[in-house]
Structures are given as C-alpha cells and as structure tokens.
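Please read the structure below before turning to the comments.
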Amino acid sequence: LLAPKHWLTWIALGILRLLHLLPYAVQLALGSALGYAVSILPAGHVRIARRNLELCFPELAPAARRKLLRRHFASVGVSVFEAANVWWCSNERIRRMTEFHGFGHLTEALRRGHGAIVIGSHFTTMEMGARILGTAEPLNVLYRSPKNAVLAWVLERSYRPFARRAIEREDVRMLIRGLRSNEVVWYAPDQSYRKKGAQMVKFFGVPAPTNVFTSRLARMTGAAVLPYFFERLPGARGYRAEILPPLDNFPSD
C-alpha cells in the first residue's frame, strides 16, 4: 500500500481527511462548486447524464434540462465531501445532522425473525444514507471493492463503525446467511443489469435491463422488504432519512 504508484491516492485521501473537518455549510459550497465545474467539461459522464435527461424528460425545454444537469453534478460534488464524512465522522456527529423517521417499521419487521432487506437507491447521497442507517442499526452492507488497493483498504475500514459486516456484491451466500440470522441488509438494486435473470422493465418509459434479485432474495429468506429514502435538507440543515413500512404482498406472482 505504500508503493510509489499509490502516493497520489494517499495525498488525495489526506486532503479529504482535512476537508471533512470543515463546517458542513462550507463543504456544501465547495462541493457544489466542484460539481458545477465538472458539469461544463466535455467529459463522458456529462454526455451520458445529458442523454439520460433527454430520454427521461423529453417534455422539458433544453434550458430546464441544462439546469437539472448542473444541479445533479453540484450534488455529485457534494457527495465527495460526504464520502469523507462517512469515512471519518463519529456516529454522534452523524446523528446530530439527521432527522430520522420510521425506524419503528424496521424494529417491527425484525420481530418477525426473518431479517429485513432495506432497499435504497443510487442517489448522490447513497453513502451518507447507509451511514445514517448504520448509526441506528448494525447493517450488512453490499459493496463492490474498488480496484485501487488503497481505496479498497480505506473503504473496508470505513464500514467498521456502523456495519456488522461488508459483503462483496457477488457473495450471495453471506447475504442469505445474514438474513436467516435475522439481520438487516442494506441493498441498492437500481442499476442496469444484463446478466442472467434480468428483466426488461420500463424506466421513465424507456425499456431497461433490470435486476430482479430483490424479489428472489425475499422469497428465499422470508425477509421483509422496506423502502428507505434519504435527502439533504436545504439551508445546510443536514439530512432527513425515512424507512417506510414493509412492502405488502411482496414478492407476488
């Protein structure tokens, strides 16, 4: 991990480690500026985001879509600072920044004894959302290990304050074992999925190859499936997180 090829990564992580000490309002301002700068670059991710907005919101005027694009990348920029907070903030600081609603739904689901699948999404606040949930209940977190060895080492250590265990995304056996032990699994399945078992489902009216493993996992284990939403509050007030009641009649035929 100390080889010269990793030195730039260590320097970047050192800078992030310092930036997480800044006041939250300053982090928001700097992150938004960073994201805005990225949004005006001729980068591949910007082109993809622009095309996705054209497909999903054809009714919007081009100026409205450009505004939405810039807002999105401003949020992406903030998520860089949030990653630093996720990795290095204490649970106490995270709790002070958060309004948490609906936690009783998770408690009630665990009383059934079959575990709980808490379903999230790949919002730009995803990492913070998992961190917030983990301060209230130890989690099994599914993740993909980065190819960069230093980042993989830091990521694995960052889960320790709030996760029961970090499970590699392909380790289905460990996932099922956790649910059968009446534990909580945090899962974000909302990605394009082209492997065996995918289904074509319309997303914003556009057919997309979709991961349907959530329903299979619930059927195998009897676990309750609870939607989980989280958002940044305006005015640098922190975050709002909410767990909804378990999905009814899920999985169905």
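For the chain, give me the percentage of DSSP beta bridges that are antiparallel, rounded to the nearest 5 percent. Antiparallel bridges: around 35 percent, rounded to the nearest 5.
Here the simple spin-label model places points 7 Å from the Cα toward Cβ, and for A236 and V46 these points are separated by 2.7 nm. Our Cα-only numbers for region 51-143 put the radius of gyration and Dmax at 17.1, 51 Å. The label point for A25 and the one for R66, both projected 7 Å from the Cα toward the Cβ, are 3.1 nm apart. Put simply, the amide H of V225, placed in the peptide plane, has neighbours under 5 Å in I117, L247, leaving out anything fewer than 5 places away on its chain.
The Cα atoms of region 154-208 define a convex hull whose projected area, averaged across directions, is 5.6 nm². Normalising the average separation of contacting C-alpha pairs (under 8 angstrom, six or more residues apart) by the number of residues puts the relative contact order of region 78-219 at 27 percent.
Here, region 16-70 yields an orientationally averaged convex hull projection of 4.7 nm² when only Cα atoms define the hull. Calculated accessible area for the chain comes out at 57 Å² per residue, all protein chains present (probe 1.4 Å; ligands, DNA, RNA ignored). Global size of region 1-112: 18.7, 52 Å for Rg and Dmax (C-alpha atoms, Rg to one decimal, Dmax whole).
Any chance you could count the Lys pairs in the chain whose alpha carbons are under 30 Å apart, treating pairs 8 or more apart or on different chains as valid?
Working: K5/K147; K67/K202; K147/K195; K147/K196.
Summing the qualifying lysine pairs gives 4.
Protection proxy ranking of 125-131, 148-154, 181-187, 218-224, by the mean of other Cβ atoms within 10 Å over each peptide's residues and highest first, is 125-131, 181-187, 218-224, 148-154. Here the Karplus relation 6.51 cos²θ - 1.76 cosθ + 1.60, evaluated at θ = phi - 60°, turns the backbone of region 224-240 into coupling constants of 6, 10, 10, x, 9, 10, 8, 8, 7, 8, x, x, 6, 8, x, 9, 10 Hz, with x for every Gly and Pro.
Among the GluC sites (Glu not before Pro) in region 31-99, those located in a DSSP loop and surrounded by at most 14 other Cβ atoms within 10 Å of their own Cβ are E59. Taking Cα Rg over 2.2 N^0.38 Å as calculated from this structure, the corresponding entry among [x] 1.06; [y] 1.00; [z] 1.16 is [x]. Could you tell me how far the Cα centroid of region 161-231 sits from the Cα centroid of region 70-107, in Å? Taking the Cα centre of each part, region 70-107 and region 161-231 sit 21 Å apart.
For region 4-94, the relative contact order comes to 44 percent (Cα pairs under 8 Å, sequence separation of at least 6).
Would you work out the relative contact order for the chain, in percent, from Cα pairs under 8 angstrom that are 6 or more residues apart? Normalised by residue count, the contact order of the chain is 22 percent.
Volume per residue, Å³, of the convex hull around the alpha-carbon atoms of region 104-155?
Value for region 104-155: 105 Å³ per residue.
Quotient of the Cα radius of gyration of region 122-187 and 2.2 N^0.38 Å, N being its number of residues: 1.08. For region 67-115, the extents of the C-alpha atoms along the principal axes are 45, 28, 19 Å, listed from largest to smallest.
The values are calculated or read from the model by the stated rules, or taken from the named source; none is laboratory data. If you're wondering where the values come from, they're calculated on a predicted model, not measured in any experiment. Every residue, glycine among them, receives a Cβ derived from its backbone with ideal geometry; neighbour counts consider all protein chains shown. The protein model used for the area step is the full one, side chains on, heavy atoms only, and it has no ligands, DNA or RNA in it. Shrake-Rupley method; radii C 1.70, N 1.55, O 1.52, S 1.80 Å.
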